[in-house]
Amino acid sequence: MTKHVTGTREEWLAARVELLGAEKDLTRRGDELARRRQELPWVRVDKAYRFETDEGSASLADLFRGRSQLIVYHFMFGPDFAAGCPSCSAIADGFNGSVVHLANHDVTLLAISRRLVLALSKPSLTRMRAVASTYVSALDRDQLGERIDFLFTDGKPGRMSREEMLMHVITHGIGHRGQVSAVMLLNAVPASKDGLTTYLHEAEASTRGRAAA
């Protein structure tokens, strides 16, 4: 039987009011983070990207479908996957309810993957436009090997090649499908948040560091 603290109604109310303060603080910090994200500088896209969609080949501009804003969801569904990532599938189940509201605010929502998402046997996805990117096939060896600087979710600097980043995406999808992290936690094994990326930066620390901006 699960052990949990019990108390009086008055004790619960006092604890709940204290927790409410923490919840409001979290909301305010989330709002501030969203504001800073919206203020990130825009970058001009000069490359003429092409995408294969369920309606045929399309340019980046075509994906906006006449609207001023575009939201792209990365759906982990590779050419060799038997099914889409379970977590992505669960999130995508709610897309249809959001598409209309986003469209009313001049926003187009798309899912992008290495394979057309419409191949999924989920009724809720049949009306969702999906895009398969030709990004990988357009890269040459030099571009795959190019090192790119980035920040981990905890703010620490990182550096990986495009090839390594793509491998992370592949192994990330496998981890979701096998629920590897959940199994590790159940067995009291600390689960890594970043898998391959964390391993590379621990095993090759001297070649991965970069000066903080």
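The values are calculated or read from the model by the stated rules, or taken from the named source; none is laboratory data. This is a predicted model, so every value here is computed, not measured. Cβ atoms come from the backbone with ideal geometry, glycine included; neighbour counts cover every protein chain shown.
Residue under question is residue 104, and the condition is that it be outside the structural domain of residue 167 (by TED's automatic domain parsing) and exposed (fewer than 14 other Cβ atoms within 10 Å of the Cβ); does it hold?
On the way: outside the structural domain of residue 167 (by TED's automatic domain parsing): yes; exposed (fewer than 14 other Cβ atoms within 10 Å of the Cβ): yes.
When the stated conditions are applied, residue 104 passes them.
Would you kindly identify the helices (runs of 4 or more DSSP H) lying entirely within the stretch 1-107 that contain at least 3 residues that are closer than 30 Å to residue 166 by Cα and under 19 Å from the mean Cα position of the chain (by Cα)?
Working: elements: 9-38, 60-63, 86-92, 95-104.
Answer list for the stretch 1-107: 9-38, 86-92, 95-104.
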message: Quick check on the stretch 54-66. Is at least one of its residues among the basic types (Lys, Arg), out of contact with any helix residue (DSSP H, G or I) (no Cβ under 6 Å at 6 or more places or on another chain) and within 26 Å of residue 107 (Cα to Cα)?
response: yes
